[in-house]
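Written out below as structure tokens is the structure these notes cover.
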Amino acid sequence: CMLSPDVVETLGPSLNRLENALNNDSAPVGLRKWGYLSLALAANRNGEAEKALRLLDKAGQSEGYAQNRSIQALALLIEAMAERERGQAEQASQVLAEASSLVEEHLSKLAANELRGGWHDWLIAEILRREAAQLIAGQATTPTSRSNATPKPNTE
């Protein structure tokens, strides 16, 4: 659901349960990296770039992270968006380039008909990569700037 920047508010109760499960160690060990990654994306979408980066650090320390190139690529994409949110354009561009390299090198390819079991990771990575590239290029607004925008009056 969080592939769309505008859904974080509706996911509040679910995200709270996930955060509680991670904080009290009741989340399955093998899924913690994914849980932290999900919370990092939600935090970034909520305009909390620093929190997103802290959660990405926790994901990186989770069991199985070091062996999973897919999750590393997704984490780097979220990191690129968080760095952009923090105003670190050069760092954001560098992280995006690193993420793109991981996606190209390690995730299944649609054009090469290699999607096998990792198609969902490829799809998520492509959606986040396009969003990050647009944000970093300045072609899109961040979720916080959209939510703080003054509505246009209805003239009809």
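The values are calculated or read from the model by the stated rules, or taken from the named source; none is laboratory data. Everything numeric in this text was worked out from a predicted model, so none of it was measured. To get the accessible areas, we keep the full protein, side chains included, count just its heavy atoms, and leave off ligands, DNA and RNA. Shrake-Rupley method; radii C 1.70, N 1.55, O 1.52, S 1.80 Å.
Rolling a 1.4 Å probe over the protein heavy atoms gives the range 48-102 an accessible area of 48 Å² per residue. The distance separating the Cα centre of the range 1-46 from that of the range 72-104 comes to 19 Å. The string of couplings for the range 71-80 from the Karplus curve (6.51, -1.76, 1.60, θ = phi - 60°) is 5, 5, 5, 5, 4, 5, 5, 5, 4, 4 Hz, one whole number per residue in order, with x for Gly and Pro.
For the set GLU104, GLU48, the ranking by accessible area, highest first and with no ligand, DNA or RNA atoms included, is GLU104, GLU48 under a 1.4 Å probe. For SER62, nonlocal amide neighbours, meaning residues 5 or more places apart or on other chains whose placed amide H falls under 5 Å from its own, do not occur.
Exposure check, 1.4 Å probe, all protein chains in place: SER93 carries approximately 60 Å² of accessible surface.
Derived scalar couplings between HN and Hα for the range 52-59 equal 4, 5, 5, 5, 5, 4, 5, 4 Hz in order, rounded to whole Hz, by the Karplus curve 6.51 cos²θ - 1.76 cosθ + 1.60 (θ = phi - 60°), x for Gly and Pro.
The apolar share of the surface of the range 13-90, taken as the fraction of accessible area on carbon and sulfur atoms (1.4 Å probe, ligands and nucleic acids excluded), comes to 43 percent.
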